[in-house]
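Values in this text are rule-based calculations from the coordinates and carry no lab data. If you're wondering where the values come from, they're calculated on a predicted model, not measured in any experiment. Because the Cβ atoms are built from the backbone with ideal geometry, glycine has one as well, and the counts that use them run over all protein chains shown.
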Amino acid sequence: MANVTWDEIRNLRADFLNLQLTETANKLSERNCVELIGLLVKEGLLNVIYTTDGKDIITEQRL
């Protein structure tokens, strides 16, 4: 490891803590994800396989 000073470690720790405490502004809700996947399926851009209970889906590639 390169020569790292304690000040650099403290600064990195502070940056890390700040990142953990911030809210993500670009986070999609579950409902938005479902709508987006539904639109992609409807347009034929995504093929999915639904589970028997219909709560989960998987792509053919992941299967």
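Counting only helical runs of four or more DSSP H residues, what would the 222 nm mean residue ellipticity of the chain come to if each run contributes -39,500 (n - 2.57) and the total is spread over all its residues? Calculated from helices alone, the mean residue ellipticity at 222 nm is -15000 deg cm²/dmol.
Using 0.36 nm times the number of residues separating Asn3 and Arg31, minus their current alpha carbon distance, what extension gain do you get? Write down the numbers at each step before the final one.
On the way: separation 28, 0.36 × 28 = 10.08 nm, distance 4.77 nm.
The Asn3-Arg31 span can extend by a further 5.3 nm.
Take 34-46, 18-30 and order them by the average number of nearby Cβ atoms within 10 Å per residue, most first; the result is 34-46, 18-30.
Express in nm, to one decimal, how much length is gained between Asp15 and Val41 on full extension, taking 0.36 nm for each residue of separation and deducting their alpha carbon distance.
Result: 5.3 nm gained on full extension.
The dipole here belongs to the chain: it is taken about the Cα centre, uses +1 on the Cβ of Lys and Arg and -1 on the Cβ of Asp and Glu, and is about 40 debye.
How high is the relative contact order of the chain, in percent, counting Cα pairs under 8 Å that sit 6 or more residues apart? Please list the in-between numbers first.
On the way: 20 pairs, mean separation 9.0, N = 63.
14 percent.
Quick one: length gained pulling Asp56 to Glu23 fully straight, 0.36 nm per residue minus the C-alpha distance? Show your work: numbers first, answer last.
Details: separation 33, 0.36 × 33 = 11.88 nm, distance 2.67 nm.
Length gained between Asp56 and Glu23: 9.2 nm.
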